[in-house]
1. Where the second residue is at pLDDT below 90 and the first is at positive phi and lies in region 97-117, which pairs have Cβ atoms under 8 Å and are six or more apart or on separate chains?
2. Run residue 74 past the list (1) modelled with pLDDT under 90; (2) surrounded by 15 or more Cβ atoms within 10 Å (Cβ to Cβ) and report the number of the one that doesn't hold.
3. Here is a list: 87, 60. Which entry is closer than 20 Å to residue 4 by Cα, over 13 Å from the mean Cα position of the chain (by Cα) and not hydroxyl-bearing (Ser, Thr, Tyr)?
4. How many of the residues making up region 164-184 are outside any helix (DSSP H, G or I) and among the small types (Gly, Ala, Ser)?
5. If residue 42 passes every condition in (1) on the phi < 0 side of the Ramachandran plot; (2) assigned to a loop (DSSP other than H, G, I, E, B) but one, which one does it miss?
6. Can you pull out every residue in region 77-93 that is at pLDDT below 90 and either farther than 21 Å from residue 54 by Cβ or assigned to a helix (DSSP H, G or I) (or both)?
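The values are calculated or read from the model by the stated rules, or taken from the named source; none is laboratory data. Remember, it's a predicted structure, so these values are computed and weren't measured experimentally. Here the Cβ is made from the backbone with ideal geometry for all residues, glycine too, and neighbour counts use every protein chain on show.
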Amino acid sequence: MIDLVMGEVAVRRPDHVVLVAGGVGYRLAVSAETLRHVPAAGKKGTLHAHLVVRDDAMHLYGFSSEEERELFLLLLGVQSVGPKVALAVLSGGPPRELVGAIAGGDTARFQAVPGIGKRTAERIIVELREKVAGAVDAVPEAIAVHRADDPRMVARDALLGLGFTPPEADDLLERAAGDSAEALIQDALRAARR
């Protein structure tokens, strides 16, 4: 099972990216949400992956976060939702927002996705509402408590906002020194220039 692909971004298209790792180019189908997090061609990138094996082909799907991959797998468990439709759903926004839409019963949000009608939108909500209920309850508390209070998380968010990939931001912050988010960001940016 391919769980993670790390390498240089060789191709970056609206529906897929190619990451070169160990001399092999891996084509990963991605959502628009994941594509926002993929760096430009020639830079290092990391994607969580899921391999779908069919009788006639093997397809590799890439995700910017484990949460997005887990939501993809949940969507695949819904009748009438295949990988392409699941990626189209994930293109509608960050996983946290989609989980909120499921928990809130927002069928209109899912009906706006090409390939999803009223019945399928209702099926997604009915089948996944209980499965995502715990995630919705846990997320706001985690954000309110940890992100605002942890200077490293604030600095990481700032580096991501400046265009660094999550692995690059983590690597820079691992070597950065400072007690405040501002000091960590300055130290990380100095290291990035070297």
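1. Listed by first residue and then by second, the contacts come to 105/129.
2. Just one mismatch for residue 74, condition (1).
3. 60
4. 4
5. (1)
6. 92, 93
Rundown of residues vs (1) charged (D, E, K, R); (2) in contact with a Phe, Trp or Tyr (Cβ under 7 Å, 6 or more places away or on another chain); (3) in the same structural domain as residue 163 (by TED's automatic domain parsing), yes/no style:
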{"site": "15", "(1), (2), (3)": "yes, no, no"}
{"site": "18", "(1), (2), (3)": "no, yes, no"}
{"site": "32", "(1), (2), (3)": "no, no, no"}
{"site": "36", "(1), (2), (3)": "yes, no, no"}
{"site": "45", "(1), (2), (3)": "no, no, no"}
{"site": "49", "(1), (2), (3)": "no, yes, no"}
{"site": "82", "(1), (2), (3)": "no, no, no"}
{"site": "91", "(1), (2), (3)": "no, no, no"}
